[in-house]
Amino acid sequence: MDPAPPCAEPGVRDERSTTMSLVSLVSLREKRLVVVGGGSGIGRRIAADAHAAGAEVVFAGRNPERFTEPGIRAEFADLGDESSLETLAGKVGELDYLVTLAAAPANGPVATLERDAIIRAFDAKVIGPLLLAKHFAPRFRAGGAIVLFSGVAAWRPQPERAVMATTNGVVAFLAEALAVDLAPIRVNAVSPGIVDSGAWDRLGEAKDGFFRRTAESNPARRVGTTADISAATLSVLANPFITGTTLHVDGGGRLS
């Protein structure tokens, strides 16, 4: 593993040296991939890397006008609105791969949680992906695969993160259930750890310290990058003998 360059933020590697070129590792030529959610971070990186590897990529989210990656088509989808998912499936037609990684926060002490926020969190992580499977399953070509997104919070629950831990945990079991129910379509989950995807920018100046502490506490001694998660996701999609599995891409964070 190459060391981080001197100019890198504490605990973060420059994404340019994070992984070998995905184009040289995975060929997605003549494959059609749909990516739902994560347009400002991990989802955008997966879509861009898949496009570079030869795939026809459709990105779907609630604000498709914000997704401006060259060569990638953007469509509207709201995981809390089944009719929009049915419409999306009709627009896409046949496909090879589907990745869904949307999330909706519902954090805070249990005593303060609001029902609507809890439902939105389950729509994004569980109900919406299940409905995506419902509407897209008949459209998969031979060798098709789905990747759901879980997260390290399921294996390392923290105070005020009960909903996050629960929804991410359910995703792992949903992947197993769908792998059996939709076979031979393969279904897996990717579980990221702490990733510099832009989601933590809200911490402002405290972000560097948080990343430093994270890097010091996990076995990989760094935080993740969007390239790390994209590489794992595309490799799982392309591997024809992986199904019903949760791949932990967390630097060992669930162990620390």
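What follows is calculated from the coordinates using simple rules that are stated; it is not laboratory data. Values in this document were obtained by computation on a predicted structure and should not be read as measured data. Positions of Cβ are generated from backbone atoms using ideal geometry, with glycine treated the same way; all protein chains shown enter the neighbour counts.
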Taking 7 Å along the Cα-to-C-beta vector as the label spot, tell me the Ser27-Leu255 distance in nanometres, rounded to one decimal. 3.5
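Could you please tell me the mean projected area of the C-alpha convex hull for region 213-256, averaged over all directions and given in square nanometres to one decimal?
On the way: hull surface 13.6 nm².
Spelled out: convex hull of the Cα atoms, projected over all directions, averaged, 3.4 nm².
What is the order of Asp228, Asp208, fewest Cβ neighbours within 10 Å to most? If you can, show how the numbers build up before the last one.
Values: Asp228 25, Asp208 14.
Ordered by Cβ neighbours within 10 Å, fewest first: Asp208, Asp228.
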Among residues other than Phe140 whose Cβ falls under 12 Å from its Cβ, what is the net charge (Lys/Arg +1, Asp/Glu -1)? +3
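Can you give the Rg/Rh ratio of region 152-217, where Rg is from the C-alpha atoms and Rh is the Kirkwood radius?
Details: Rg = 15.5 Å, Rh = 14.0 Å.
Rg divided by Rh gives 1.11.
Counting only GluC sites (Glu not before Pro) that are in a DSSP loop and have at most 13 other C-beta atoms within 10 Å, tell me the longest site-free stretch of the chain.
Numbers: sites that count: Glu30, Glu94, Glu114, Glu160, Glu205.
Segment 31-93 is the longest.
Considering all projection directions equally, how large on average is the shadow of the alpha-carbon convex hull of region 143-256, in square nanometres? Numbers along the way, then the final one.
Working: hull surface 29.1 nm².
One quarter of the hull surface, i.e. the mean projection, equals 7.3 nm².
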Need one number: nm distance between label points at Ala52 and Arg66, each 7 Å from Cα along Cα→Cβ, rounded to one decimal. 2.3
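Compute the length gained on full extension between Ala142 and Val180: take 0.36 nm times their separation in residues and subtract their Cα-Cα distance, giving the result in nm to one decimal.
On the way: separation 38, 0.36 × 38 = 13.68 nm, distance 1.60 nm.
Full extension of this stretch gives 12.1 nm more.
Using the Cα centre as the reference, give the magnitude of the dipole from point charges on the C-beta atoms of the chain (Lys, Arg: +1; Asp, Glu: -1; all else neutral), rounded to the nearest 20 debye. Don't skip to the end; give the middle numbers.
On the way: 27 positive and 29 negative charges, 61 e Å.
In total the dipole reaches around 300 debye.
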Place a point 7 Å from the Cα of Ala117 along the Cα-to-Cβ direction; which residues of region 165-202 have their backbone N under 19 Å from it? 165-169, 199-202
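Averaging over all projection directions, find the projected area of the Cα convex hull of the chain and quote it in nm² with one decimal place.
13.5
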